[in-house]
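Only one structure is covered here, and it is reproduced in the block below.
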Amino acid sequence: MAEPSPIDCDVHPTVPDISVLLPHLEPFWRDSIEERGIPSLDSISYPPKAPLSTRADLRDAKGMPATDAKTLAAQVFDKWGAGTAICNCLYGVQLLFSEDMAKAFASALNDWVAKEWLDRDPRLRASIVVPMQSTEYAVDEIERCAKDKRFVQVLVLAMQEVPLGRRQFWPIYAAAEKHGLPIGIHAGSAYRNPVTSLGWPTYYIEDYLAQAQGFQSQVASLICEGVFAKHPGLKVVLIESGVTWLPGFLWRFSKFWRGLRTEVPWVDRSPWEIVRDHFRLTIQPFDAPDSAEAVERAIEHLRSDDILLYASDYPHWQFDGDAVLPAGISPALKRKIAVDNPLATYARLKDGG
Ligand code: ZN
């Protein structure tokens, strides 16, 4: 029997121009774009011209990565061999200050993804982009999009206005749990706070590096606030988070939990165990040395081979060539990372979407 094809858990469709969203917006918001002269909502977490945002060989004549399903499919399916891919559309709706505007653009974005990407290639799935500016609106958007089984996850950014464990967000987790949708936390910021705890850095490289600290704080917040005690069926996927910071962080977290657990009695087992049961990480960028031995050791330190999910992070420049998975991964582990773990994480993929 043929080996099942990999499931790519992080690919990025690009909005070519704000005009593509116009058919999906109410007249009021269409007029607003024109009257206010809004040129685009590109996320400043991924400046379009930055080398990291799009690998040089994946840029078209205008310097853009795939802005249509066919171009993305040629790379992710035909060249890199995936059989299914989850679209995580990064567009700056999370940065808007108006809750109503964020709701309108998040809905337009999800409708555009469904029509222009999911309808055009049956191998594509997508995450629901939610306006985290308002919990009520975010829940509405989950309920609206969850009817379409091709939406397999809820997408939020690593850096929000407040930590993700806070009670104000719990209705979002209840809706996600009810529909079998993991919460996908992707690198990126709503820029309500400096991206480092020290204040604003100067360079983009510092911003991108600081994302790993943001992920760490979100893991701590979700666990310490008791999200998983309240929602035992909830899964969280850390997307484009990097991987090798996790063992050191969890070692510290679990050590200090032993001393301070009286403060958070609902955290009734070690953070290591909670992460093993509830969290998953996409494999690109894989932040370890190239050698097979080092990769093997880094994976051993994760203490679980259930935790990693195959992802190319198309079109971000995380690796050269066509080997999406780093060397040093055995065929059995490859099968787990590429097929079994994604199927165990995304209930809707198992249902056949
Ligand atoms: Zn990504």
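The values are calculated or read from the model by the stated rules, or taken from the named source; none is laboratory data. What you see is a predicted model; the values in this text were computed from it and never measured. Glycine gets a Cβ as well: all are built from the backbone with ideal geometry, and neighbour counts include every protein chain shown. Protein only, heavy atoms only, side chains kept; ligands, DNA and RNA dropped before computing areas. Shrake-Rupley method; radii C 1.70, N 1.55, O 1.52, S 1.80 Å.
Structure summary
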item	result
Scope segment 152-181; condition open to solvent by less than 10 Å² (accessible area, probe 1.4 Å), in a loop (DSSP other than H, G, I, E, B) and more than 14 Å from PRO131 (Cα to Cα); matching residues	GLY165, LEU181
Single match in ILE223, ILE183 (criterion: within 16 Å of the ligand (Cβ to nearest atom) and either closer than 26 Å to GLY259 by Cα or under 12 Å from the mean Cα position of the chain (by Cα) (or both))	ILE183
Residue within segment 306-328 that is open to solvent by less than 50 Å² (accessible area, probe 1.4 Å) and in a helix (DSSP H, G or I) present	no
Conditions (1) of a type in the set (Lys, Arg); (2) open to solvent by 40 Å² or more (accessible area, probe 1.4 Å); (3) under 24 Å from GLY214 (Cβ atoms); number of the one not met by ARG55	(2)
So LEU250, is it open to solvent by less than 10 Å² (accessible area, probe 1.4 Å), part of a helix (DSSP H, G or I) and touching a strand residue (DSSP E or B) at 6+ places or on another chain (Cβ under 8 Å)	no
Filter result for GLY184 (open to solvent by less than 20 Å² (accessible area, probe 1.4 Å), assigned to a loop (DSSP other than H, G, I, E, B) and either more than 20 Å from GLN94 (Cβ to Cβ) or in contact with a Ser or Thr (Cβ under 6 Å, 6 or more places away or on another chain) (or both))	no
Members of segment 102-134 found to be part of a helix (DSSP H, G or I), open to solvent by less than 30 Å² (accessible area, probe 1.4 Å) and in contact with a helix residue (DSSP H, G or I) (Cβ under 9 Å, 6 or more places away or on another chain), listed by number	ALA102, ALA104, PHE105, ALA106, SER107, ALA108, LEU109, ASN110, TRP112, ALA114, TRP117, LEU118
Residue check, ILE33 under 20 Å from CYS87 (Cβ atoms), free of Cβ contacts under 8 Å to residues at least 60 places away in the same chain and open to solvent by less than 20 Å² (accessible area, probe 1.4 Å)	no
Breaking point among (1) part of a helix (DSSP H, G or I); (2) within 16 Å of the ligand (Cβ to nearest atom); (3) farther than 19 Å from GLU141 by Cβ; (4) touching a helix residue (DSSP H, G or I) at 6+ places or on another chain (Cβ under 9 Å), for ILE33	(2)
All positions within segment 1-30 that are surrounded by 14 or more Cβ atoms within 10 Å (Cβ to Cβ) and of a type in the set (S, T, N, Q)	SER5, THR14
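Per-residue answers, yes or no, for (1) among the hydroxyl-bearing types (Ser, Thr, Tyr); (2) open to solvent by 60 Å² or more (accessible area, probe 1.4 Å); (3) part of a helix (DSSP H, G or I):
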| residue | (1), (2), (3) |
| --- | --- |
| ARG192 | no, no, no |
| PHE215 | no, no, yes |
| GLY259 | no, yes, yes |
| ARG269 | no, yes, no |
| ALA294 | no, no, yes |
